[in-house]
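Trainee: Below: one structure in structure tokens.
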Amino acid sequence: MNAEPQIKKGRKYDQVIAGAREVFMREGFEGASVDVIARDSGVSKATLYSYFPDKQHLFLAVLRMECDIQERASMDIEFEQKSVADGLYHIASHMLAFLLSDAGLAIFRVCVAEAQRFPELGCAFYETGPKTAMAQLASYLESPKARAELDIDDTRKAADLFMQLLRGDLMLRRLMGVAQVPDEAAIHQAATDAVQNFLARYRRPATI
């Protein structure tokens, strides 16, 4: 999977992506066969291959779709109208809801498990997921609204710290399979703690 082929989008493209997503989440990358993906998508293998040259490119399309959905949810128009503290909470709660969900963990596990055999998957996951999210957060921290309230010299470093605050014990317990999908109260508390710790580090002191 070296050169990136041009993926065409026909009338059954979304149908294939939706079916593939369910199979990848259920079976993992290695366990997901093209035959099963085609069957669960309700298309023929010929139709599937008319969109994607191989399983790796199909998984990458699923990965990008998931990342696009999370990007639109965490940084929407409503987010732009919030105060800095509420905006950071909005980002944190949406990211945590995805990271701690069954789907989010399944994608993470698949990419980590296959990164050595298929470095492109690991690279694509980092580029479209963590790297993109961190770049968007850094851009927000450079906005006039954020600059007015926060004292940050290196916005990329600050964005990385914020992301690290989200990947705490709750995510570790989910990855280890010792915790169920958290409810809204648990996500609220984790997001609140992350924002409070971040603001304690970077908020400008109040002027008299």
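The values are calculated or read from the model by the stated rules, or taken from the named source; none is laboratory data. Given the structure is predicted, the values throughout are model-derived calculations rather than measurements. We place every Cβ from the backbone using ideal geometry, glycine too, and count neighbours over all the protein chains shown.
Trainee: Of the conditions (1) modelled with pLDDT of 85 or more; (2) under 15 Å from the mean Cα position of the chain (by Cα); (3) more than 26 Å from residue 184 (Cα to Cα), residue 111 fails just one. Which one is it?
Mentor: Of (1) modelled with pLDDT of 85 or more; (2) under 15 Å from the mean Cα position of the chain (by Cα); (3) more than 26 Å from residue 184 (Cα to Cα), only one is false for residue 111: (1).
Trainee: Just a yes or no: is a residue in the stretch 132-153 within 14 Å of the chain's Cα centre (by Cα) and small (Gly, Ala, Ser)?
Mentor: yes
Trainee: Here are 91, 37: which of them is surrounded by 15 or more Cβ atoms within 10 Å (Cβ to Cβ), farther than 30 Å from residue 204 by Cβ and at pLDDT 90 or above?
Mentor: Answer to the check: 37.
Trainee: Then there is this: Please go through the stretch 159-208 and give me each residue that is at pLDDT 95 or above, within 20 Å of the chain's Cα centre (by Cα) and either assigned to a loop (DSSP other than H, G, I, E, B) or of a type in the set (Ser, Thr, Tyr) (or both), ordered by number.
Mentor: Residue satisfying the conditions is 192 alone.
Trainee: I'm trying to understand the selection: among the residues of the stretch 21-67, which are of a type in the set (A, V, I, L, M), in contact with a Lys or Arg (Cβ under 8 Å, 6 or more places away or on another chain) and assigned to a helix (DSSP H, G or I)?
Mentor: Listed by number, the residues that qualify are 34, 37, 38, 62, 65.
Trainee: Which residues, counting only those in the stretch 87-143, are in a helix (DSSP H, G or I) and aromatic (Phe, Trp, Tyr)?
Mentor: Of everything in the stretch 87-143, those that are in a helix (DSSP H, G or I) and aromatic (Phe, Trp, Tyr) turn out to be 89, 98, 108, 125, 126, 140.
Trainee: If you don't mind, there's one more thing I want to ask. Select, from 183, 102, 151, 169, the only residue that is loosely packed, with under 14 Cβ neighbours inside 10 Å and in contact with a Lys or Arg (Cβ under 6 Å, 6 or more places away or on another chain).
Mentor: Answer to the selection: 151.
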